[in-house]
Structures are given as C-alpha cells and as structure tokens.
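Only one structure is covered here, and it is reproduced in the block below.
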Amino acid sequence: MKITTLSISNNKAISASLFLVPGLLIFLFYLFAFPYHLFLKEQIRLFVFSPDYLLSYLNKPASLAVFIGDFLTQFFYLKGAGSLLITTFFYIHWWLFYKVLKEFFSKNYLLLVIAFVPALIEVLMHYHIDYSLANSASITIGCLLYVATTSIKKETIKHFIVPFIIIIGYWAIGGMVVFYIFLTLIRSIRIQPFKLIYSLIHIVLFIAIPLLTRPYYLIPIKEAYLYPFNNFTYALPLITLSFVIVTSVLTKKFTPGSRFSLVVSILVMFTFILVDPPNFNREKVLSLSCEGYFGRWDKVLNLSSSYKLNNKLASYYTNIALSKYESLPEKLLEFYQPFTESLFLPLGRNSGWLNILSSNDAYYQIGDMNLTQHSAHLGLIFSPYNRSSRMVKRLAETNMVIGEEEAAMKYLHMLEKTLFHHKWAQKRIDMIQNPELLSNDILEKQSFLPQSDTLRKGEDNVTGLRLLVESNPKNRSALDYLLCHHLLSKNLNSFKTDFEKYFRFNRQLPRLYGEALLIILYQQKATKEEISKFFIQSSLMNEFIKYTDEYSLANGQRTGLSNRFKNSYWFYYHFAQQRQK
Amino acid sequence: MKFKYLIILSLNLLVACQQAIDIDKKLNLLPTINPDYINVTIPRNIAPLNFMIKDDINGVQVILQGEQNQLIANGKNDIRFNLNKWKKLIDKEKTLKVTVSVKKNNEWIQYRSFHWKIVEDEIDPYLSYRLIEPGYEVWNKIQLAERCIENFEENIFADNNLTEGSCMNCHIYNQQNPSQSMFHIRGKHGGTILNNKGKLRKLKTKTDKMISKAVYGGFHPGGRYAVFSTNYIIPEFHAEGSKKLEVYDTASDLAILDFETNQSITTPLLTDSTNFDTFPVFSADGKHIYYCAAKSVSVPDSIQKLKYSICSISFNDVNGEVGSVADTIWNARLTEHSACHLKTSPDGKYLLFTEADYGTFPIWHREADLRLIDLKTGKVDSLKNVNADYSDSYHSWSSNSRWFVFASKRDNGIYGKPYFCYIDKNGKAHKPFVLPQKNPAFYDFSFKSFNIPELSIGPLPFDAMDIEKVYWKQEAESFSDKGI
C-alpha cells in the first residue's frame, strides 16, 4: 500500500516537474538572457489612460488584442514582469492548444506534448523586437473563441453564431480570425455530415471583411489580412498547430498515434531556432541603450568593456558613456569605431527605426537641443507603433531645457496618465513649477544652450558642435565630440584648427589628441619650439618614434606592427578603412 | 397651443430646478478654461464649444443663458454639451452668458461670467487639414482629413499608409468649393491630384522650363487655370532650439498651368533668376496674380536679409497671358519684414498674409503673425486681437469672407491647431477660437499637428480609397510648355 502511494506521489511529482520546468526555463531565459528586448518593447509604446487615446485602438482591426497587448506591455517596465507575462501566455497557449487538439484527437498524454511545441514556438517569437503581446493576445482570443464555439451543443445554433463571431473576431483579433475559421472548417469536415455551404460562408466572410472594412481602417490589403502580425513567420506557431490537425484529418488518423505530426512539428521548431536564433548581440546592444536610458552609464561602460562588440550602436552608446565620464578621447580607440557614425547616427527615412530612436541621445549629451528634439520626434514617428514613452520623456526634458514650458507640460501631462511614468512626470512638473528644484542635468544643459544662431544641414554636426563650444567653452562633451569627430574622419587640418581654437590646457592633454598632434607636427616638420606649445609628454614622443620605426620596417603593413600600437591613433590613421556599403 | 408652451416651460423649470446648485462662494475672476473660449465670437453653425477646467476639482456646472433659453451642463472636470440642445440654443440666441461654477473642497465656487457672441454670418461647414507629426524634415504617417465643424465628424480623404508612405502636401479648394480641389502626392506613382466634381486626374506638372514640380499655388476662380510656384527647397536646422527648422529657396519661379490644354505658361518676369517668386494666388476676380517676391541673396549666409514683398501682376484668362509689369502691394524694404502665404478674400476686399522677420517658412518663427491688407485702401491691419506669441500662419477664408481659419502654435509652440476668426462688416477682427472637439482634452493627447487648414462649403466628392486607386492605377498626365 505504501509503495503504491509513494509511486503515485512520485508520478505526480514527475508530472508537476514536467509541467513546471518549461515555464521556469522560459521565465529565467527572458529574465536573465533577454531582459533588454522586453524593456525596449515597453519603451516603444505608450499606454495613456485617456478616453480619446483608448478609443484610438478602434482605428485598426484587432482592437481588443492590441489593446490588451499594449496594456500588458506597460508592465515590461518592471524587471521580471515581462518574463512572467510571457510565461503566463505560454501556459495559457499550451492549455488552449491542448483543448483545440482534443477536438480532433482522442484524449492522450501525447496531445500535451504536441500542444507544447507550438506554444513554445510562440514563446520564442518574443525574442523578436517587433513581436508583441498583441500577437499573443490575438492567438489567445482566437483559441478561446473556438473553444467557446465548440461548447455550443446544437449544430444549428453554431452555424448561426459562427458568422457573427467571425465579424466580431476581425474587430477583436484582426487577421488571426483566419485561424478560427480554419479550425471550424476542419471541425466541420471531421464531423459528418459535412455542410459545405456553412464553410463557404465562413471563407467568403474572411475574404470579404478585411476588404469591406479597409475604407474604415485605411490599411493596405496585405496589412488588412495580417494585422496585428506584421510578419508572416510570426504565424508559425499556428501554422504548426494547423499542420498537425490537417495531417490528422487527411490521414483520418484521429489518434495521437500520428507521431509523424509530432516529429514534423518538433522539426519545425528546431529549424526555426536554427534559422532564426535569438539575437544575443542585439540583446547586448540593447543592454547598453537601456542602461543609458535608465541613467546607469557606469554599467554601460562596464558592459561595453566586457562585450567588445564590433557594432555601430554599441560604440555609439559607449562613446556617450565615455563622454559622461569625461574620458572620450582617453578611451575612444579602446572600442570599435566605425568612423563618425559611432558619434552621431545618420538620420533618414532608411536609417532603421532603432538607430532613429537612439539618435537623440548623443545630441542630448552634447547639449544640441534642437537636434535632440528633432531626433526624438523622428524616434516617436518611426518607432513601430508611433508611440514611445522613452521619446516622450526625452521631448519633455528637451523642452524643459530650452524653456518651452507649455510644450514640456503637454508631454508631462501625457506621462502623468501612465501607470509607470507618472512619478517621473510629476517630479518634472514640480521642477517647472518650482525652478529651484530643477535637476543638475537640466541646469547643466541649459548652460550649454548656444548664445547665437546659425543654420546647418541635419548631417552637418561639425557646425553645431563648433557653435556649442563657442557658446560655452566649459561644454567638454561638445569639445571632445568635435575633436574626436575630426579624428575619426581623419580630418587632421580641421582637428588642428579647432584644437588650437578651443582646447584649453587647464586639463591634461589626452593621449589621443597628443598622438594626432604628433602626426600633424611630423607632417609639418615642426620645430621643437612649435612642438613644445602643445605640452606633449616626452614618453609619448618616444613612442611615436618607435611607431614610425616599426612602421617603416614593416613597409607600411599592419601585420608588422606591435600589438601595443593597436589602440593608438597612429594605427587608426594608417589602417582604419570605411567599409563599402 | 398656450397650454403646450406652459407644459414645456414647466418641464424646463423642473429640469433647471433639478440641476440647480447652491453656490457657496462667488469669485470676481474669470475661470481658467481649456481651450480658451472666453469672450469669443462664434458662428451659428459651430459645433458645441466643449471645454475643461484645468484645476483639481470634483465637479463643474456651466449655465449658458440666452435671452430666451438656457442650457445647463454638468461634468466632473469637463463640459460636453449635447449637440441637439446646443443647436437649438444657439439657433435662437445672439449672445450667451456663460457662468461656470466648480466644486472644490466640497464647496461650490462661481466665477465671473463671460460671453459668447453668436453672429448670423455662418462659417463654411467643412474644414480640411493635414494631420502630421511635427517631425519637420522627415515624415512617416500623413493623413489629409476633412472635418464637419457643425458636429464632430471627421473623414480621412487621403492616407499615405495606402500610398507607400509618400509625402502629401497642401490640399486647396477653388473658392472654397469642394467640386474643384487639388493636392500633391510625392513618390514613385505620385503627382498633383486634381479633383473636378469627383473626377480625379493625376498630373505630372514639371515641364522643361520649370525648375521643379508645382509647389505652392492657387486656382483661378474660373477653374481652368492654377498658378504655382516652382522651387528648389532647402531645409536646414537652427542652432537655437525654439526656432527649429528653416526652409528656404535657392531658386523660385512662377508658372500658370492650364488644365484644359495641359500646358504651362511662364513669362521672363516671373522666371527671372535674380528674383525669388513664390506663394502665388489669383485675385477674387481672376484678373491679377498676387505673389511674394524678393531679390535673391546668398543663402543661407544672408537668410536674415531675405525679405519678401507682395507684388501683383495682371492676368488675362481669355488668352492666358500674363502682364509685363508688376506692382508692389506691400514693400518688405519699408517694413523690414517678410511676407508669405497670401490669401485673397472671396469678396476681393482683403488680402491676408503672414509676416515674419525673414524668409518664407514661418511655421517655426515665433514672431510670425497674420496681417490683413485692405485692397482698396492699402491699409494693413496688424490683427492684434488675433495673433499670439507663437507662429500664426497657413490661413484660409470662408466663402462669405466673414471668417478665416489659420494654424496657430500658440498653445505650446510645437503642435499647430486650427483657429477661427470673425471679421465683421467694418473689417474688425474678433478674438479667435480653436476648432472644438468632442473631448475637450483631445489636443492634450494628440501627437498630430493640424497643417494647412482650408474651409469649404461642402464635403469632398472622393475618399481615401479613390486616392489609393489613382496613386497605384492611374497614369499621370504630362504638361508641356506653352508655345513649344
């Protein structure tokens, strides 16, 4: 008797473990291996508790799913909440897929395994930056609608009610309603006698509704059928599930004995992972972006030092962090530098939304408030959902700096109506109402504001930097960005001109500037007196002599040079080449 | 019959009694309401002026008191009038006394009353505008919308989501008549979309003699011609944060397009490379073209010296000939300012324009204000009642010349909103008011700017799906230079 009880409780423990372990692994994966993707997903959305704002969800199909998705995505702001939500959706989908499969197969433990595969694929979709909880919610609602339909006993009522569900379903889950129609179609084939007419009505409805509602939603045809999915591969979980069901119907084997389906669906999952694996490099880049957004620039530097990424965006955030700690010229060449694009990200319609979203951070750091505001507006416009809490915060800050209080208040009042940014907004509103509370960051940026005006092209960063340095010689960030910009573009003449004009020797000459000056002085065959004006350390001059010797010996080949010169400007000047685009 | 009125009166009194509140305190102050509708002049056909109280309150009551009727509305912190009751009320009244009471800390406080003056001159009931985020160089989502200002219905008649994300420019009417209107769509399949009683044409307006496609312009009242500027446009950024963007021309000429023959008419006077000519419009009778002209300067270095005058030149609509002498209507040299966005009133009496310190792109110029020229006397009204701290520009007349609409950034300096202004028979401009919205907090939660508002007497005879079809499927008609 005891042995039997023990074995039952052991079985239960094993079953519970088998059930809980996947969830735990998913939770831990998104919590520790992929948290910054989730943080960013919150930052590129804005959920405002205002009637008009909420009503705007009716402007597109899948209103309910997108509303639920956006509402829940707010919680991604909290560490762990995103992982928890994804895990919760995993269990919901696992259970719902199991319920759906039960309609087509005789009950068997293998159904749980088959249902597990598409549920897991759906979880994996979340490592895509543009896969949203709205997609998860639409899958959930689609399955729930199907389960609810099957619970209706009378077939006649069911036939009558399904068209209404399809119409409401399009409003609620958009193009996902096709999955609901597919399930009802397959079920009607499975249950004899097959009523072709009803299935035809359902298919016609699915084709017609997106076309008929397009004048209201104003979306292109492809979007009308896919929305809220913006990528066909994101429907892979449902395609896998549909495949299992179709093969069972075609082979008329309504038992999980059709292990062929199981094997194929598992293969699909592994193929998906192999073809489209989680992008851990992007996660690293996003960690720098997000930590910068959280104001933890020391962490940005630590992470970047450990990653050593050859990535433009990673270098961009590293450079901002270096500038924060006034060590941009000291450490610039310790990191990958793809010419000036690691200082300022190019802005344009084809720059990619992540670059556009990030482009304001460097301008804010150097105190160029006009381009900060411009970039933040573009970040807001080009972010996938045209609503971004991160950009709205930046717009509020920028307008506080330039003294446009009404504009700042507009953004702050908006943030006040959010769940997780209202305290941030309230603090800034207090600052506007009591200027003595203004933060040092805002005050410092105000002191950087240019005293005169000029016009320049958006991509002409040098003119803007010069104006900032002229307006406030204490703006060290702008000065270092200006000089480093010249050095990274190998424009030594401009470097020398601006160095002589703006650099003050009340700070130690950074090694990078010393190295660049030595090249210029060498090229100009400068006298000792001329060299002495720049306070270049003698040890650096000795190293330069060694470098030139080695360079001559190596016949200008990089392979012949010692490793110790790899981070020198001399090495960059000789060997850095811009990749052909 | 009398008995019937007695019943109605009793019911009204009953309702009023039910809604009456005991005032604890009266303040000799005007309430702070948003939008600012205090002491404004409104047309009889306007939608309800819903507003909110920007204060921490527990309730608000508003009494609209006319000579014959009153309307009482309650809310938590905003007031939304019932559309039917509003219509009934303002249909019969000339002035409404507006009394606002708020519940604060459990006591009702009544503010000093203000007035809404209702005028017989109606405003054109439809308003079109471009909805765009103020990205000021690059765009993503653009919609052209039409709003019935007698209620809150809005209709999107062009959406760049359906046209590959192409930029869409100003939509303009001929004499506020929706049966003829046009706008430009840029992009691969774009062109100037010309609406003639619902029949849509796509025009490729660039000819050999023109320096660019058609840009800014206006219809001839007869409908056969339209006058346009053709410009090389350069956008550049200011260093100063609040000025943001400057857009200037490095060259600009004028051309008249003949929609019947698909020809472009140019003259040496209007294509002189030493001059910049832009923002042309026809006079109300079609016999003159008004436009902005400046001596070309080196830009951007001398941009602050780039000041446009208002000129006029004759036009013969029988043979499509342009005069050979230009008159100066408003001289930039004398005022040391620059004119742009000319709009003649349909009755031919006035010319409304924007005056800025320099250049032709006033929307980020804080000092940009509207000015009204009396074309008979040449007298310029500085419209002190109308202008505000931030840019006021992009205006359009109502067909009766008694109202105009303009885009103003007065509320926050970034997002433009349509404001309506009444010009009485003596030419006096009244305090303007913003386009009312169902939810008075609408503008606070919108990321869109209302660009280029234009009034019209009726709804447009096409929709966004028609524009999608024209964009993708219709071949563009070419234009040639006249005489070539």
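The values are calculated or read from the model by the stated rules, or taken from the named source; none is laboratory data. What you see is a predicted model; the values in this text were computed from it and never measured. When we count neighbours, we look across all protein chains shown, and the Cβ atoms used for this are built from the backbone with ideal geometry, even at glycine.
For segment A:457-488, which residues satisfy the criterion of being without any contact (Cβ under 8 Å) to a residue 60 or more places away in the chain, at the interface with chain B (Cβ under 10 Å from one of its Cβ atoms) and not in a helix (DSSP H, G or I)?
Within segment A:457-488, A:457, A:460 meet the criteria.
What number of residues within segment A:400-411 satisfy the criterion of being part of a helix (DSSP H, G or I), in contact (Cβ under 8 Å) with a residue 12 or more places away in the chain and either at the interface with chain B (Cβ under 8 Å from one of its Cβ atoms) or over 25 Å from the mean Cα position of the chain (by Cα) (or both)?
Of segment A:400-411, the ones part of a helix (DSSP H, G or I) are A:400-401, A:405-411.
Of the ones still in play, those that are also in contact (Cβ under 8 Å) with a residue 12 or more places away in the chain are A:400-401, A:405, A:407-409, A:411.
Retained after the next criterion (residues that are either at the interface with chain B (Cβ under 8 Å from one of its Cβ atoms) or over 25 Å from the mean Cα position of the chain (by Cα) (or both)): A:400-401, A:405, A:407-409.
Residues that pass the stated criteria total 6.
Of the conditions (1) more than 14 Å from chain A (Cβ to nearest Cβ); (2) of a type in the set (A, V, I, L, M, F, W, C); (3) buried (at least 21 other Cβ atoms within 10 Å of the Cβ); (4) more than 25 Å from the chain's Cα centre (by Cα), residue B:257 satisfies every one except a single condition; which number is it?
Among (1) more than 14 Å from chain A (Cβ to nearest Cβ); (2) of a type in the set (A, V, I, L, M, F, W, C); (3) buried (at least 21 other Cβ atoms within 10 Å of the Cβ); (4) more than 25 Å from the chain's Cα centre (by Cα), residue B:257 violates only (4).
Taking the condition of being small (Gly, Ala, Ser), under 17 Å from residue A:351 (Cβ atoms) and either within 9 Å of chain B (Cβ to nearest Cβ) or crowded, with 24+ Cβ neighbours inside 10 Å (or both), how many residues in segment A:383-399 meet it?
Quick first cut of segment A:383-399, residues small (Gly, Ala, Ser) only: A:383, A:388-389, A:396.
Within this subset, residues satisfying the condition of being under 17 Å from residue A:351 (Cβ atoms) are A:383, A:388.
Cutting the leftovers down to either within 9 Å of chain B (Cβ to nearest Cβ) or crowded, with 24+ Cβ neighbours inside 10 Å (or both) gives us A:388.
The total comes to 1.
Out of segment A:346-382, which residues are away from chain B (no Cβ under 11 Å), in a loop (DSSP other than H, G, I, E, B) and farther than 19 Å from residue B:245 by Cβ?
Keep residues of segment A:346-382 that are away from chain B (no Cβ under 11 Å), which gives A:346, A:352, A:354-355, A:357-362, A:364-366.
Then drop every residue that is not in a loop (DSSP other than H, G, I, E, B), which leaves A:346, A:352, A:359.
Within segment A:346-382, just A:352 meets the criteria.
Report whether or not residue A:211 is over 33 Å from the mean Cα position of the chain (by Cα), part of a helix (DSSP H, G or I) and under 23 Å from residue A:142 (Cβ atoms). Steps first, answer last, please.
Numbers: over 33 Å from the mean Cα position of the chain (by Cα): no; part of a helix (DSSP H, G or I): yes; under 23 Å from residue A:142 (Cβ atoms): yes.
Criteria not met by residue A:211.
Which one is nearest to residue A:369 (Cα to Cα), of the residues in segment A:423-450 that are part of a loop (DSSP other than H, G, I, E, B) and either in contact with a helix residue (DSSP H, G or I) (Cβ under 9 Å, 6 or more places away or on another chain) or within 14 Å of chain B (Cβ to nearest Cβ) (or both)?
First, pick out the residues of segment A:423-450 that are part of a loop (DSSP other than H, G, I, E, B): A:434, A:438-439, A:449-450.
Applying the additional criterion that residues be either in contact with a helix residue (DSSP H, G or I) (Cβ under 9 Å, 6 or more places away or on another chain) or within 14 Å of chain B (Cβ to nearest Cβ) (or both) yields A:438-439, A:449-450.
Numbers: A:438: 17, A:439: 17, A:449: 8, A:450: 9 Å.
Step by step, filter segment A:423-450, then rank; the result is A:449.
Determine if segment B:416-425 includes at least one residue that is within 14 Å of chain A (Cβ to nearest Cβ), surrounded by fewer than 17 Cβ atoms within 10 Å (Cβ to Cβ) and under 30 Å from residue A:377 (Cβ atoms).
The answer is no, given that none of the residues of segment B:416-425 is within 14 Å of chain A (Cβ to nearest Cβ), surrounded by fewer than 17 Cβ atoms within 10 Å (Cβ to Cβ) and under 30 Å from residue A:377 (Cβ atoms).
Each row is one residue, and each column tells you yes or no for (1) of a type in the set (S, T, N, Q); (2) buried (at least 24 other Cβ atoms within 10 Å of the Cβ); (3) over 14 Å from residue A:179 (Cβ atoms).
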| site | (1), (2), (3) |
| --- | --- |
| A:95 | no, no, yes |
| A:98 | no, no, yes |
| A:103 | no, no, no |
| A:108 | yes, no, yes |
| A:118 | no, yes, no |
| A:124 | no, no, yes |
| A:129 | no, no, yes |
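With the condition being facing chain A (nearest Cβ under 10 Å) and under 21 Å from residue A:219 (Cβ atoms), I'd like the strands (runs of 3 or more DSSP E) fully within segment B:139-186 carrying at least 2 qualifying residues. Show your work before the answer.
Working: elements: B:142-148, B:154-159, B:172-174, B:177-185.
Here the list reads B:154-159.
With (1) surrounded by 22 or more Cβ atoms within 10 Å (Cβ to Cβ); (2) closer than 22 Å to residue B:37 by Cα; (3) more than 20 Å from the chain's Cα centre (by Cα) as the list, and residue B:124 as the residue in question, which single condition is left unmet?
(3)
Can you name the residue in segment A:225-266 that is part of a helix (DSSP H, G or I) and farther than 21 Å from residue A:183 by Cβ and, of all such residues, is modelled with the lowest pLDDT? Write out each step before concluding.
In the first step, residues of segment A:225-266 are kept if they are part of a helix (DSSP H, G or I); the result is A:225-226, A:232-251, A:259-266.
So of that shortlist, the ones also farther than 21 Å from residue A:183 by Cβ come out as A:259, A:263, A:266.
On the way: A:259: 70, A:263: 79, A:266: 80.
So the residue we want is A:259.
Would you mind telling me which numbered condition in (1) surrounded by 14 or more Cβ atoms within 10 Å (Cβ to Cβ); (2) farther than 30 Å from residue B:304 by Cα; (3) not charged (D, E, K, R) residue A:478 fails?
The single condition residue A:478 does not satisfy is (2).
Being charged (D, E, K, R), part of a loop (DSSP other than H, G, I, E, B) and either surrounded by 12 or more Cβ atoms within 10 Å (Cβ to Cβ) or free of Cβ contacts under 8 Å to residues at least 12 places away in the same chain (or both) is the filter here; which residues of segment A:552-581 pass it? Show your work before the answer.
So in segment A:552-581, the residues charged (D, E, K, R) come out as A:558, A:564, A:566, A:579, A:581.
Still in the running and part of a loop (DSSP other than H, G, I, E, B): A:566, A:579, A:581.
Selection gives A:566, A:581.
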